[in-house]
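The values are calculated or read from the model by the stated rules, or taken from the named source; none is laboratory data. Model, not experiment: these values are computed from the prediction. Reconstructed Cβ throughout: ideal geometry from the backbone, glycine too, with neighbour counts over all protein chains shown. Only protein heavy atoms, including side chains, enter the accessible area calculation; ligands, DNA and RNA are left aside. Shrake-Rupley method; radii C 1.70, N 1.55, O 1.52, S 1.80 Å.
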Amino acid sequence: MIAIYPGSFDPITLGHLDIIERGCKLFERVIVAVLCNPEKSPLFPVQERVEQIRRCTQHLENVEVDSFVGLTVDYAKLRNAKVLLRGLRAVSDFEKELQMAHTNHTLWDEIETVFLATSNEYSFLSSSVVKEIAKFGGSVDHLVPQQVALDICQCYAETPPGATPPIIMNPPTPLNHFQVE
Ligand code: ADP
């Protein structure tokens, strides 16, 4: 059974990695799919996020990393996957995630969303928390994979404390609906 783990991953955290590692024990294949959302101004462009995730999942044999544009269910159909993997941290996640799971089910009744409860040590952790700490010069070494911490450090190195680094534009939206590599 193939599972898609969709998300922004801007950047990937140890909480995301924990979900990927545990998902790999449950599914034959886990496709980590970075959503290319033109509405958001990300810290890292999609392609860099894909590479960051590839680097820190090298030890996992049944992981694939990809990016996509559009509806997650359409991407799942394209990849022949009937499971969406998501992580749950708190009640606040639950409301949003439940709504999304129901919505996706109305779009394709064969899709199922499987939730994994966060490991306790990562229950507070989000990409936004990481960016907030880095913005004020704090260390994020204990929150993200090592190489990602270096990338973040570099990103904020020339930015005054508390300021947001210049917005990195996404690469142009591909002409085809999906960007499957
Ligand atoms: P999105 O913008 O789609 O919420 P994210 O990259 O923030 O994308 O998160 C992707 C998925 O990973 C979501 O299901 C989210 O709840 C889950 N997740 C994020 N951080 C953690 C964490 N610390 N522990 C477990 N799951 C997490």
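Would you mention how many residues in the stretch 108-132 are part of a helix (DSSP H, G or I) and surrounded by fewer than 16 Cβ atoms within 10 Å (Cβ to Cβ)?
5
Among the numbered criteria (1) within 15 Å of the ligand (Cβ to nearest atom); (2) touching a residue at least 12 places away in the same chain (Cβ under 8 Å), which one does residue 153 miss?
Failing condition for residue 153: (1).
From the set of residues in the stretch 8-59 that are without any contact (Cβ under 8 Å) to a residue 40 or more places away in the chain and within 12 Å of the ligand (Cβ to nearest atom), which is most open to solvent (accessible area, probe 1.4 Å)?
Step by step, filter the stretch 8-59, then rank; the result is 39.
Out of the stretch 72-107, which residues are hydrophobic (A, V, I, L, M, F, W, C), more than 13 Å from the ligand (Cβ to nearest atom) and open to solvent by 50 Å² or more (accessible area, probe 1.4 Å)?
Across the stretch 72-107, the qualifying residues are 78, 107.
Does the stretch 85-112 hold any residues that are out of contact with any Phe, Trp or Tyr (no Cβ under 8 Å at 6 or more places or on another chain) and within 18 Å of residue 17 (Cα to Cα), and which are they?
Those that are out of contact with any Phe, Trp or Tyr (no Cβ under 8 Å at 6 or more places or on another chain) and within 18 Å of residue 17 (Cα to Cα): 90, 93.
Could you list, in sequence order, all residues of the stretch 140-169 that are open to solvent by less than 70 Å² (accessible area, probe 1.4 Å), in a loop (DSSP other than H, G, I, E, B) and at negative phi?
Residues satisfying the conditions are 140, 143, 144, 145, 159, 163, 165, 168.
Quick one: which residue in 118, 103, 164, 159 is touching a Lys or Arg at 6+ places or on another chain (Cβ under 6 Å), farther than 20 Å from residue 1 by Cβ and β-branched (Val, Ile, Thr)?
118
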